[in-house]
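The values are calculated or read from the model by the stated rules, or taken from the named source; none is laboratory data. Just so we're clear, the structure is a prediction, and the values are computed from it rather than from any experiment. Note that we place each Cβ from the backbone using ideal geometry, even for glycine, and neighbour counts take in every protein chain shown. All accessible areas refer to the heavy atoms of the entire protein, side chains included, with ligands and DNA or RNA removed. Shrake-Rupley method; radii C 1.70, N 1.55, O 1.52, S 1.80 Å.
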Amino acid sequence: MILAILFFCLFPFAQMLSLSLKYSWDWGNPSWIPSKVNLEAYKELLNIGSSLKEVPESVQLLLNESPDLTEAQKKVILSKYQSTGDVFPFIKYFANSLLVAFLSSFTSVCLAILGAYSFSRLVFRGRSIVQRGVLFVYMFGGILLLIPLYRIFAASGLLATPAGTVASLIIIYVVQTLPVSLYMLGNYFRTIPYSIEEAAMIEGLSRFGTIIRIIIPLSISAIITVFIYCFMIAWNEYMFASIFLKSYKGLYTLPIGLKTLFVSKNAIWDRIMAASMLTAIPVMILFMSIQKNLTGGLAAGGVKE
């Protein structure tokens, strides 16, 4: 049963990888193994290799033996043989997605650490109301909040500049991920014995110093888990990004870029599948590289109760 579920989950990725490595004449081949491996799509997307395709000899003779042609005219002729790597600027879209996802995840985790600590350690009036109230954002679907949020940020003037638009998008992602982050970290902080913090405060640490030197090191596995959750939400989000970034093509994230590539005249299957694989790889690498940290119980044995 587990193998069947695993096969069902991995089948689309295997199909994407197979199609991205096939030439156009091999697309009809039902086998997952390409008759001949094609890496041109990956080279185009990552701008690997020469920036120009092979220029025919007749065109080279025309350029070299035609003194009447100006430099501008020669550039126009050579532009016809430009590599199609600029059709889908993967590196630019990748950088945009990475910037937005990292900043929103980092902000959400920092706020969640402070908020979760206050929920789990501090006693103040209205704590239970605030703690339950943060989940209020999940009572409404994102499509219902899209227009009101857009009008709010437009009225504030943030959408008038590229930096303000990115900041608006980051705020939305933080609001989307913060409630779950608070509950995940809050439940984990409650498993840390309070006597460890008391010992640290006796030694002279402040409340904030206790969070930095005690809570965060003992909760690094939970913090990493929350960061991955926030990163995946921001990395794969399409709806809000497609509306907020519509006027700034240079700020497109990967999901929007893939959509524009799919409906463009340059929608070649190997290029689409290669771009999809490259989009999924960062999250896979993130999981595999920190998998050893995703273990609980780091505080076990820290104190004898």
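Distance cut-off 26 Å, Cα to Cα: go down the list Lys36/Lys249; Lys92/Lys259; Lys43/Lys259 and report the pairs above it. Pairs exceeding 26 Å: Lys36/Lys249.
Electrostatic bookkeeping for Ser206 treats Lys and Arg as +1 and Asp and Glu as -1; over the other residues with beta carbon under 13 Å from its beta carbon, the sum is 0. Legend: Rg and Dmax of the stretch 177-291, from Cα coordinates, 20.7, 68 Å.
Counting only protein heavy atoms and using a 1.4 Å probe, the accessible area of Thr191 comes to about 90 Å². Translational diffusion coefficient, Stokes-Einstein: compute it for the stretch 86-213 using the Kirkwood radius over C-alpha pairs as Rh, at 4 °C and 1.567 mPa s, and state it as an integer in µm² s⁻¹. Answer from the Stokes-Einstein relation: 75 µm²/s. Within the shell of other residues whose beta carbon sits under 13 angstrom from the beta carbon of Tyr183, the net charge comes to +2, with Lys and Arg scored +1 and Asp and Glu -1.
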